[in-house]
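What follows is one structure encoded as structure tokens, with my remarks underneath.
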Amino acid sequence: MYVAYSRDTVSKDVGTTRQLFVDDDVIAVVKNVTRRLHSPRKHPGNPLIVRDKPWEGATYFRTSSFNVIRDPAEDLFKCWYEDFYGYFGIKDKGVTMGERNFYAQSKDGLNWEKPALGKQIIDGRDTNAIFPYVPDEAVCCASVILDERDPAPSRRYKMIYFFRVMGRRVGKETPRADAGGLCMSFSPNGIDWRPYEGNPLSKIWLGEGHTCALLVDGTSVHCFGRNDFAQIGGGTTTTAMTPVRVPAPW
């Protein structure tokens, strides 16, 4: 099916896929019809995923810390969520908050289970952690997509995330090629992840508390905002309220 706004112009090819009629963008004619938007109702069983495992610290469900996708091939809803431990770490004493990424799945989207994945043992218990990273390494603010168009089965799932190593100047002074910066991983099932060989995609990045910008002429990068882990790349951990030039290379 095609959407056209004149006889000689085809504006959109919507094919046979279902469309959300939240506006009139793909509707050719509206006559004697009233659009009425209804308020969503919270499920009475909320919250559906809670902290109920001894290895979970502070389960963190907010815009940048969890993803839910339905996998039609497996007929499963899948959820990846971030969890913090040592949440009240004391920075000046060298005790910092740590992060882990956990996985849950559901047949109906209402009843969730947290399968043991054999990737990280915490206090002698097998857990639902998807990465076997040591305590001073962390994946945060992960975004997951299911890419059915990729011809490689091993790359059906893609994750882009911020990888950091605690206590180091992440993104500028870490000796490892995969330590620090914006990174990507691939997975056939959303559980077994393989880091992209070209990580990091970028050693500077935008986050929830800081922003980086490349000048139009491409000559320099300037960042400002939160800088707890030296994420703006200036070589310090001082928060910058005004843009700070980031030393090359970036």
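Some notes on this structure:
- Listed by position, the strands (runs of 3 or more DSSP E) contained in segment 42-93 that have at least 1 residues being at pLDDT 95 or above and in the same structural domain as ILE122 (by TED's automatic domain parsing) are 66-71, 76-85.
- Residues of segment 139-153 that are in a strand (DSSP E or B) and modelled with pLDDT under 90: VAL139, CYS140, CYS141, ALA142, SER143.
- Residues of segment 21-52 satisfying the condition of being surrounded by 10 or more Cβ atoms within 10 Å (Cβ to Cβ) and either among the hydroxyl-bearing types (Ser, Thr, Tyr) or under 22 Å from the mean Cα position of the chain (by Cα) (or both): PRO47, LEU48, ILE49, VAL50, ARG51
- Segment 24-41 - residue that is charged (D, E, K, R) and at pLDDT below 90 and, of those, farthest from ASP108 (Cα to Cα): LYS31
- Strands (runs of 3 or more DSSP E) within segment 193-250 that include 3 or more residues more than 24 Å from the chain's Cα centre (by Cα) and either at pLDDT 80 or above or farther than 18 Å from LEU182 by Cα (or both): 240-246
- Inter-residue pairs, beta-carbon under 7 Å, first farther than 21 Å from ILE69 by Cβ and in segment 125-145, second charged (D, E, K, R) and part of a strand (DSSP E or B), 6+ apart: ALA138/GLU99; ALA138/ARG164
The values are calculated or read from the model by the stated rules, or taken from the named source; none is laboratory data. Model, not experiment: these values are computed from the prediction. Note: ideal-geometry Cβ built from the backbone for every residue, glycine included; neighbour counts use all protein chains shown.
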